[in-house]
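The values are calculated or read from the model by the stated rules, or taken from the named source; none is laboratory data. The model shown is predicted, which means the values in this text are computed figures rather than measured ones. Positions of Cβ are generated from backbone atoms using ideal geometry, with glycine treated the same way; all protein chains shown enter the neighbour counts. Surface accessibility is based on the protein's heavy atoms, side chains included, excluding ligands, DNA and RNA. Shrake-Rupley method; radii C 1.70, N 1.55, O 1.52, S 1.80 Å.
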Amino acid sequence: MTAEAGSTIANSPEASEPMPAAPAPITAAQRRRARWRATGLVLGTQIAILVAFLAFWDHMTAQNSAAAFMFGSPSAIAGFLVKMAQDGSLWRDLYVTGSETLLGFFVGNLIGTLIGLSLWYSRFVSRVVEPFVIAIGSIPIIALAPIIIIWFGTGLISKVAMSTLSVVIVALVTSYKGAIGVDPDQINLMRTLGASKFQIFRKLVVPASLTDIFAGLKLTVGFALIGAIVGEFMSSSEGLGHAIFKAGSLYIIPKVFAALVATIALALILTFVVGKIERLLMPWRRL
């Protein structure tokens with residue numbers, strides 16, 4: 001290249017323009033503010049949809065007495081919630097159903113998760129028990145209610161048993177799915193490093209299965225609650241299921257919806273707690 005050509009290139013407008021500066025890195029505070037804005041937008045949208053739905057519901061039932069009888073109204077439902085809270089029946093029913101749900105949730109997930117993870121040790125055993133798991137999981141839980149009541153009576157144990165049976169198969173399947181989904185290359189790497197099968201299970205398989213296990217935990221909150229409610233439908237003198245059944249048999253539709261609102265609130269609280277435990281045990285998920 002000649003000196004004249006080099007001088008021309010050096011004096012060209014493109015050569016004289018400064019290089020664009022690299023974008024400043026996003027700070028933790030900025031990420032936190034962005035996350036809070038996104039959360040606020042989602043929450044605001046959800047509240048707006050709920051308010052619009054309740055306003056439409058209240059308007060339609062106010063204009064039609066038949067619709068008010070069939071579907072109740074938000075104001076009547078709120079009135080029953082206040083009345084149930086004042087006479088103490090709401091808190092008593094929440095405590096009873098919540099205790100049954102928590103016990104069934106804990107026992108069912110403990111048994112199901114332990115069995116599901118243990119099946120990782122032997123593919124032969126897992127193939128043998130697979131049709132039995134499918135057969136048990138296909139039985140409607142309400143069909144087992146009369147047998148459970150005969151076996152365990154009409155007290156707390158029968159409701160916990162119903163809740164446990166509603167949970168255990170789902171917990172087993174999700175934990176086994178997580179265990180067999182571990183990267184084979186990582187397993188082979190640990191074997192080449194001299195790790196025993198138990199060490200591979202404890203240090204690799206169990207931590208890698210936590211994502212599926214917690215997905216199952218969030219799913220089984222509803223199943224545990226369903227089992228407890230069904231048990232209360234069949235035989236109970238207290239609990240949210242008993243309140244729903246009694247109000248429904250008397251055609252008090254707003255009270256039925258009031259008990260359903262309490263049931264939904266209980267499910268949301270339990271799901272929130274499971275999510276907090278997940279964030280505590282799996283801090284890398286926050287990233």
inquiry  = Return the pair list, or none, for Cβ contacts closer than 9 Å from residues in region 190-209 that are under 12 Å from Gly178 (Cβ atoms) and free of Cβ contacts under 8 Å to residues at least 24 places away in the same chain to residues that are in a helix (DSSP H, G or I) and open to solvent by less than 50 Å² (accessible area, probe 1.4 Å), at least 6 apart or on different chains.
reply    = Leu204/Ile187; Leu204/Met190
ask   = Do we have any residue at all in region 128-145 that's open to solvent by 70 Å² or more (accessible area, probe 1.4 Å), within 21 Å of Val221 (Cα to Cα) and modelled with pLDDT of 90 or more?
value = no
request  = Within region 140-184, track down each residue that is of a type in the set (S, T, N, Q) and in a helix (DSSP H, G or I).
outcome  = Ser158, Ser163, Thr164, Ser166, Thr174, Ser175
query = Among the listed residues Leu193, Leu204, which satisfies the condition of being open to solvent by less than 50 Å² (accessible area, probe 1.4 Å) and either of a type outside the set (Phe, Trp, Tyr) or within 22 Å of Leu156 (Cα to Cα) (or both)?
reply = Leu204
task = Test Thr39 against the stated conditions and say whether it is loosely packed, with under 15 Cβ neighbours inside 10 Å and modelled with pLDDT of 90 or more.
result = no
task = Exactly one condition in (1) modelled with pLDDT under 55; (2) open to solvent by 90 Å² or more (accessible area, probe 1.4 Å) is not met by Ile47; state its number.
result = (1)
inquiry  = Tell me yes or no: at least one residue of region 216-237 is in a helix (DSSP H, G or I) and closer than 27 Å to Phe124 by Cβ.
reply    = yes
